[in-house]
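One structure is given here, and the rest of the page talks about it.
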Amino acid sequence: MSSKGDKPTSKSEAKSDGKPGVDAAAVRELAQLLKETGLTEIEIEHNGARIRVSRGGGAVAAAPVAAPAAAAPVPAAAPSSGPPAGAVPSPMVGTAYLSPEPGKPAFISVGKTVKEGDTLFIVEAMKTMNAITAPRGGTVTEINVTDGTPVEFGQILCVIA
């Protein structure tokens, strides 16, 4: 933007309808920043435009700040639309542990029957140990994390059938 603030200097500011557009250079720069830092998502707001770039199947979206964001069509790459039935997602970002302490047996294993409320994992977040309990009873069919691995919000930890 110019020093006087009266002339648009980028493609995103030069649209005739007064709405900010997508600045391809900014999107490329954010994508490079994601790659360099290992982040999965980044969002910035500048001159009334919000740009969000995410890796791993996320969509790139740009929307005016004052207007509600429109839903972008999601490409149908995978036939399944969502987590499997009985999936147990992580309720927070942290580190997943499969046992109560090092050297002890794991809370669950594939094929084990669990009851609603049984502890499945511990997720450590900000030095606090949070028990992840079974939302329902059933048999553990998948365990999708290993001991001591980082997990993200919503990541599927296991599946109970």
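Coordinate-derived values only; no laboratory data. Not measured: the values here are computed from a predicted model. Don't worry about glycine lacking a Cβ; one is built from the backbone with ideal geometry, like all the others, and counts go over all protein chains shown.
Summary table below
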item	result
Linear extension gain, residue 109 paired with residue 133, 0.36 nm per residue minus alpha-carbon span	7.2 nm
Packing-based ranking, highest mean first, of 142-155, 103-116 given that Cβ atoms within 10 Å are counted	142-155, 103-116
Cβ-Cβ FRET estimate between residue 31 and residue 155, R0 fixed at 35 Å, reported to 0.05	0.95
